[in-house]
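Some notes on the structure that comes next.
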């Protein structure tokens, strides 16, 4: 059996590889000689499975997003990884998709990835969402403020979409490294990694997985119950209300149930105070709140439900509040249908006009909760750039081709109302023709090609492969942050007592403008602890001036603070509560990595960027071997010997040239 993992980057490929290996209770063996093209074998009791890792979407001669769109996926939101089975006739069959979230799943960030879930679930691709529980928010001085948790309606939306769309769309939770013992005990029944491994094996072997799905669903429901019961105010569903809601398959049945709830909740929500709002929008919002719209199970998210006599009252409000004919058309349609209506309120854009990424998950969240048999009105009021409103006015569908936020709004809404202070045309409306064309069946894509245009993904994959293949002695990968990575933490391995310490919730840029590196490699040379802080790019000129000093400052500043978690050998992560700082004496060298162009460039970049060493990769297409060019400053010439030795792990797949 030959599998491929198409990942957003090499780390997400390897996370998925690790899950597959865990599903079969074996260790993967790296059998590739090509440093940028990892390939593994898994030897099971029944057969050998070969797994190729393809890092970076849209790079391997195919566009999975485009193909999924042809099958009816409503969004171009690519999952972190897709696992495919190589079939005959140069085809790959998509078996399942996986998303990873190591960021704190709270606030707006909680629903940011709902679009990726619905893109798969709508066309029947099994989708697993791996997230962590128990993560802590840190202040500017890296002092713990408090644990952060998602609104329970968000993990619940995955469970409802599984039922509504008759597919597998499951959240899987594990403990965050910084979780306290008290929280670990509270959420013990929620953690589902082991259960997910059984599901992954079933999905690969195409076996019956229903019992496993039910177990994951119950774990997800347990999380929802715990989160809702912990809330100080009664602002969500509680207890068995969640289970009752989950059993209802159609959106109409769900709305009838919400209307008849004994303790039904009235929706109350404030608008975003950081952006300017038009007078007409402010009036519309205030009057809509006064209609006592219903909460859909969470009062403080920007989605409300209009039912019964309020439907026509809201339609009249639209007509009296706006003079625009296109908005009147929306109002007339809503009035004549007189059917329940979901309203999604989207700031959509930040004060400077760039789109708010988390908001692209709001309309998908509503669809995942209620399905496709309920109308949605999306109201966008943030200060987008005036050119956006011009396109919205003249050809609003063109916005779906260039912007993920608009794609989610347009492809998943029935009506759109825009009312922004930056629109020269004033408020506008659109009625969307939502004729769904979904192919809910086996999904085949053209087989990927290894003939690629080399770039930053290959640089990152090569650095990661170089320092990790065959687990080299006294070398530890403290962090790998390729394009699309979540830079969730940096670790330090104490070789004396075999303890790993981890600093989580990292800023991209520290207070002193130091730069978060793309790779951190720890070396143990006799009694010296050395860190390589590396910035990787496609071409050398993308490296910023003085990047070397900024890379070193970031590590030096970070390790002056206490870690957030630690893990002893063969044990679980534990929150770090001691007062001491575990690492004091260490040296940091900064490096730049990029695709090779010429020898002179390497010397110039080392000097002008204040770097200590350069790794320039001269990639060659399979079956040729590549060349790694190394140029070290006087302070770290020892690196050339270390890297030369590591290159031997790739047979003739990589040669080294020392400058």
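Worth pointing out:
- Residue that is surrounded by the fewest Cβ atoms within 10 Å (Cβ to Cβ), among those in region 342-355 that are out of contact with any helix residue (DSSP H, G or I) (no Cβ under 6 Å at 6 or more places or on another chain) and modelled with pLDDT of 95 or more: 343
- Among the residues making up region 335-362, those that are touching a strand residue (DSSP E or B) at 6+ places or on another chain (Cβ under 8 Å), in a helix (DSSP H, G or I) and within 22 Å of residue 301 (Cβ to Cβ) are 359, 362.
- Annotation for region 581-600: at least one member residue is at pLDDT 90 or above and part of a helix (DSSP H, G or I).
- The requirement of being in a loop (DSSP other than H, G, I, E, B), modelled with pLDDT of 95 or more, surrounded by 17 or more Cβ atoms within 10 Å (Cβ to Cβ) and in contact with a helix residue (DSSP H, G or I) (Cβ under 9 Å, 6 or more places away or on another chain) is satisfied by residue 611.
- The one condition from (1) touching a helix residue (DSSP H, G or I) at 6+ places or on another chain (Cβ under 6 Å); (2) crowded, with 18+ Cβ neighbours inside 10 Å that residue 658 does not meet is (2).
- Test: residue in region 444-453 that is touching a strand residue (DSSP E or B) at 6+ places or on another chain (Cβ under 7 Å) and in a loop (DSSP other than H, G, I, E, B): yes
- Selected residue (only one of 292, 263, 243 is touching a helix residue (DSSP H, G or I) at 6+ places or on another chain (Cβ under 9 Å), exposed (fewer than 15 other Cβ atoms within 10 Å of the Cβ), in a helix (DSSP H, G or I) and free of Cβ contacts under 8 Å to residues at least 40 places away in the same chain): 243
- Within region 190-212, the set of residues being surrounded by fewer than 22 Cβ atoms within 10 Å (Cβ to Cβ), out of contact with any strand residue (DSSP E or B) (no Cβ under 7 Å at 6 or more places or on another chain) and either in a helix (DSSP H, G or I) or modelled with pLDDT of 95 or more (or both) comprises 194, 195, 197, 198, 201, 202, 205, 210, 211.
- From the options 478, 427, residue that is closer than 30 Å to residue 75 by Cβ and either buried (at least 17 other Cβ atoms within 10 Å of the Cβ) or at pLDDT below 95 (or both): 427
- Residue check for residue 274: under 28 Å from the mean Cα position of the chain (by Cα), in contact (Cβ under 8 Å) with a residue 24 or more places away in the chain, more than 19 Å from residue 221 (Cα to Cα) and in a loop (DSSP other than H, G, I, E, B): yes
- Pick from region 356-374, criterion at negative phi and surrounded by fewer than 21 Cβ atoms within 10 Å (Cβ to Cβ), ranking: modelled with the highest pLDDT: 374
- Number of residues in region 616-642 that are part of a helix (DSSP H, G or I) and buried (at least 16 other Cβ atoms within 10 Å of the Cβ) equals 4.
- Of all the numbered requirements in (1) in contact with a strand residue (DSSP E or B) (Cβ under 7 Å, 6 or more places away or on another chain); (2) under 30 Å from residue 191 (Cβ atoms); (3) surrounded by 15 or more Cβ atoms within 10 Å (Cβ to Cβ), residue 495 misses one, and that requirement is (3).
- Residue check, residue 35 assigned to a loop (DSSP other than H, G, I, E, B), surrounded by fewer than 20 Cβ atoms within 10 Å (Cβ to Cβ) and in contact with a strand residue (DSSP E or B) (Cβ under 6 Å, 6 or more places away or on another chain): no
- Condition broken by residue 389, with the remaining ones in (1) over 27 Å from residue 247 (Cβ atoms); (2) assigned to a helix (DSSP H, G or I); (3) at pLDDT below 95 satisfied: (3)
- Scanning region 297-327 for residues that are more than 23 Å from residue 424 (Cα to Cα) and part of a helix (DSSP H, G or I) returns 310, 311, 312, 313, 314, 315, 316.
- The residues on offer are 84, 16, and the sole one that is over 19 Å from the mean Cα position of the chain (by Cα) and closer than 30 Å to residue 371 by Cβ is 84.
- Any hit, region 629-636, residues being within 35 Å of the chain's Cα centre (by Cα) and in the same structural domain as residue 463 (by TED's automatic domain parsing): yes
- Selection within region 50-63 - over 23 Å from the mean Cα position of the chain (by Cα) and at pLDDT below 95: 61
- Listed by first and then second residue, the pairs with beta-carbon distance under 8 Å, at least 6 apart or on different chains, first residue in region 581-604 and on the phi < 0 side of the Ramachandran plot and without any contact (Cβ under 8 Å) to a residue 40 or more places away in the chain, second part of a helix (DSSP H, G or I) and crowded, with 19+ Cβ neighbours inside 10 Å, are 596/602.
- Selection within region 69-78 - modelled with pLDDT of 90 or more and more than 18 Å from residue 446 (Cα to Cα): 74, 75
- For region 101-123, the criterion of being part of a strand (DSSP E or B), closer than 21 Å to residue 219 by Cβ and modelled with pLDDT under 95 is met by at least one residue.
- Filtered residues of region 42-75 (kept if under 19 Å from residue 14 (Cβ atoms) and outside any loop (DSSP other than H, G, I, E, B)): 42, 43, 49, 50, 51, 52, 53, 54, 55, 64
The values are calculated or read from the model by the stated rules, or taken from the named source; none is laboratory data. A quick note: this is a predicted structure, and the numbers were derived from the prediction, not measured. Heads up, the Cβs are rebuilt from the backbone with ideal geometry, glycines too, and the neighbour counts pull from every protein chain shown.
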